[in-house]
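The values are calculated or read from the model by the stated rules, or taken from the named source; none is laboratory data. All values derive from a computational prediction rather than experimental measurement. Because the Cβ atoms are built from the backbone with ideal geometry, glycine has one as well, and the counts that use them run over all protein chains shown. When the accessible area is computed, the model is the full protein with side chains, heavy atoms only, and any ligands, DNA or RNA have been set aside. Shrake-Rupley method; radii C 1.70, N 1.55, O 1.52, S 1.80 Å.
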Amino acid sequence: MGVSRKRLFLICFILIIPIFLFSACNIFQFETFDASKDNDTTKVSITPTPEEEHEDEEDVASVPKSAETAMDEENMEPTKVATPTPSVIQPTANKELSVFTVNIDSGDIQPITALVPEGSAITPELIVNTVVEAMEDQSIVVGIDSITTESDAIIVSFKSDKAPLDNVGAGYEVAILDAIAQSLIDNTDYHKVIYRVEGKEYVSGHIQLGINEVYLGD
């Protein structure tokens, strides 16, 4: 009994399939994962939760800052804050200067003790200005034009529109001239006082003096 071609083909196909599968296994090698061969170390990182981050921010914000130290935000190191030291204001040192002024009630001259800065030089200008300020306290405004010295004399020139040449009587005029002259003689080494009016000879309604006439002194 002969074998049909279909059956013969089927038998050959069945025999070829195992051979084909065996060959395929040799070509495609399947490797299994071996954990022991992995040399890399597995690192585990923990990510903070939003609640933990919020708590850390509150801890940093709660660090107090005092008036004496402040945190250097760049270096995160305490920095000393300089505290200004209050300076002590010392009172100005003064010295006494004895001069004369005019008593507004009686019209007579009277001695007073004035205070001037301790380092001030006792000059004719300082003495005359001190006397004039003392007279202003008595409501007597004296007009000084200039104060100069010549040899052993002090020359005081007055303004023509103020005392002692204007708006004062004869008694107050003499008292003003006496107070200034006596104060200069007592506090300087000069021996003469000469009065003028704006650089010219002293002439008022009560007194007339020559251009170099000595009012008080040797």
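Before moving on, here are some points about what is shown:
- Thr148 vs. criteria open to solvent by 60 Å² or more (accessible area, probe 1.4 Å), of a type in the set (Val, Ile, Thr) and closer than 19 Å to Asn212 by Cβ: yes
- Restricting Thr83, Thr101, Thr69 to those that are hydroxyl-bearing (Ser, Thr, Tyr) and modelled with pLDDT of 95 or more reduces the list to Thr101.
- All positions within the stretch 86-122 that are more than 20 Å from Lys162 (Cα to Cα), in contact (Cβ under 8 Å) with a residue 40 or more places away in the chain and open to solvent by 20 Å² or more (accessible area, probe 1.4 Å): Ser98, Ile122
- Glu125 being under 45 Å from the mean Cα position of the chain (by Cα), surrounded by 12 or more Cβ atoms within 10 Å (Cβ to Cβ) and without any contact (Cβ under 8 Å) to a residue 40 or more places away in the chain: yes
- Answer residue from the stretch 174-190, given it is of a type in the set (Val, Ile, Thr) and part of a helix (DSSP H, G or I) and is nearest to Glu125 (Cα to Cα) among those: Ile180
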